[in-house]
1. For the pair Ile237 and Val13, what calculated FRET efficiency results from E = 1/(1 + (r/R0)^6), where r is the Cβ-Cβ distance and R0 = 41 Å, to the nearest 0.05?
2. Could you tell me what fraction of 2.2 N^0.38 Å the Cα radius of gyration of the stretch 113-200 comes to, as a two-decimal ratio?
3. For the peptides 191-201, 290-300, 314-324, what is the packing order when you average, over each peptide's residues, the other Cβ atoms within 10 Å and list the highest mean first?
4. For the pair Asp131 and Lys50, what calculated FRET efficiency results from E = 1/(1 + (r/R0)^6), where r is the Cβ-Cβ distance and R0 = 60 Å, to the nearest 0.05?
5. By a straight-distance test (C-alpha under 16 Å), which lysines pair with Lys381 as possible cross-link partners, with residues fewer than eight away in the same chain excluded?
6. Using the structure shown, select from Lys290/Lys508; Lys50/Lys226; Lys290/Lys566 the pairs with a Cα to Cα distance greater than 25 angstrom.
7. For the stretch 321-442, what is the convex hull volume of the alpha-carbon atoms per residue, in Å³?
8. Under 27 Å between C-alpha atoms is the cut-off here; go through the stretch 402-489 and count lysine pairs that meet it, provided they're at least eight residues apart or on different chains.
Amino acid sequence: MKKELLKILISVVLFIVGLCANFNNELVNTVFFIISYLIIGGEIIIDALKNLVHGELFDECFLMTVATVAAIAIGEYPEAVAVMLFYEIGELFQDTAVDKSRDAIESLAKLRADYANVKRGNNIEKIDSKDVKVGDVIVIKPGEKVPLDGKVIEGISTLDTSALTGESIPRGVEFGDTVLSGCINLNGVLTVKVEKEFSNSTASKILELIENTDNKKAKSEKFITKFAKFYTPTVVILALVLAIIPPILLNQAFSEWIHRACTFLVVSCPCALVISIPLSFFGGIGSASKRGVLIKGSTYLEDLAKAEIVVFDKTGTLTKGVFEVTKVVLANANRYQEESKKITKERLLEISAYAESHSNHPIAKSIVRAYGKSIKQKEIKKCTEESGFGIFAKIGEDTVIIGNSKIMEKYNIRYDKADENGSIIYVAINFEYTGYLVISDIVKMDSKITIDELKKNGVRETVMLTGDVEAVAKDVATEIRIDKYYSELLPNDKIEKMREVAEDKSEKGKLLFVGDGINDVPVLSLSDVGIAMGALGSDAAIETADVVVMTDEPRKLVDSIQIAKKTLKIVKQNIVFAIGVKIVVLVLGSLRNNQYVGSCFC
């Protein structure tokens, strides 16, 4: 950016000197203009020649080169420099907007664990994950990433699988269960027998998917490039016709009509367009950034305006991605107890919070947060966390057992199995089943509004992809009225579903994907426009995405599409106005000497 700005400044200074300095020798002025022209337009001329060699004839570089060379041929040196300056200034504005939209993000390699704790006899060696072989036994401590795929041979724990599956609730694992690399061990020590080498592990495969899909993703052309493909051949052909046909038909000298043809080319150069189009996109990108949406280029703004199908990830995108207590349910037996012995919902939540207060598990923290009052630690006389089961605690005079169904069965407590969407936490007081809590991910307040507004703004279909179970996915999809949903998907499954959805897209429509996790990165790369929820989203997703919603509000997507549509409308208005003026000037330039229209070239 600094290099481009310096180039423009030097060229502007030489241009002004050539215009304003009163040199006795006209050649000196010409030298200033030529040097300024070569500095500002040198790269454009080289690009035009390179494109010509590769068969790409009619683009904006070719148009700029032909028009400015024609200006130089008829002695209009200031016009030649001005055309190149306008173009480069317009490009600088656009690049500035793009740079302001980018975040410096760390590498995707964070998904993979750099080391593994390999068990050798009675010793544990910390070695590079790449050096671990199939059949080796590794130990995964609480808080560590699972380095390689394998099977649990000892230990019980829960894994945060959100990076891989997007599943909001941690998954319990025990002897015989398979663990995938990239997950985080939340509690308990696991001993795992490695079943796949580092290169074939789930984490490595995901990064490979990211790389491959990103390479396959077609890059959209700039608006001015697409416009030039039609505009450039038209004006070049008309200039040739003007230079050849009239002198033959009217039996006049070719030199006069070649001069007029050159004038025609200079006038035809769309200076108004090459600066107004980038500036329009600059304004659109700037407007979006003020609303907390970073758009990484004008092409993505253009594609947003053509959104036809929008695909959403669930967790962290349409939902908050954090656990909350959504329901407190008392056991049926409670209704038959004496009034003095009855447990209220408030008391059930309170005693659950006391029991869970020493745990770092996300579900435990959500229960304490839901209780919302200070914990009197002196009331907690005993608290033992049983990894993979729950907690056994002594609260005041009461014995409290809280956790999943396994802990109820372990202590032979008869309970009613709950059928709810979310994670069920059963509670028993003094070895008698008392009730349960439902912990689930909460749908964002503006998710439903977003789906409705997208339909009003021309989006034909909305789809949700998630790693969560069918019941949870159906519940969310029904609540926000999304058109289609697919559940229990791993990253490679999302890729396949994304390809299926893409087949339903029309030729001119665009496919958008909105996600936030590492598991969303390959799908972000496959879409026409990848949108990451930035504030909570993973670094990998933000880096790969074309658009970043910094506030994590789905409603901002609607704002982005509306801004994009308005920007495209302004661009088209500029084109119509600029071309209309050009047509008038072109007619005058072809019929009169260039001295009458010289001031109208730009």
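1. That gives a FRET efficiency of 0.65.
2. Working: Rg = 11.8 Å, N = 88, 2.2 N^0.38 = 12.1 Å.
Here the answer is 0.98, to two decimals.
3. Ranked from most to least packed, the peptides come out as 314-324, 290-300, 191-201.
4. Working: r = 46 Å, r/R0 = 0.77.
With a Förster radius of 60 Å, E is 0.85.
5. Output for Lys381: Lys394.
6. Among Lys290/Lys508; Lys50/Lys226; Lys290/Lys566, the Cα-Cα distance tops 25 Å for Lys290/Lys508.
7. So the per-residue hull volume is 104 Å³.
8. 15
Throughout, read-outs are computed from the coordinates displayed, never taken from laboratory work. Here the structure is a predicted model, which is why all the values come from computation and not from measurement. Neighbour counts are summed over all protein chains in view; Cβ atoms, including those assigned to glycine, are modelled from backbone coordinates with ideal geometry.
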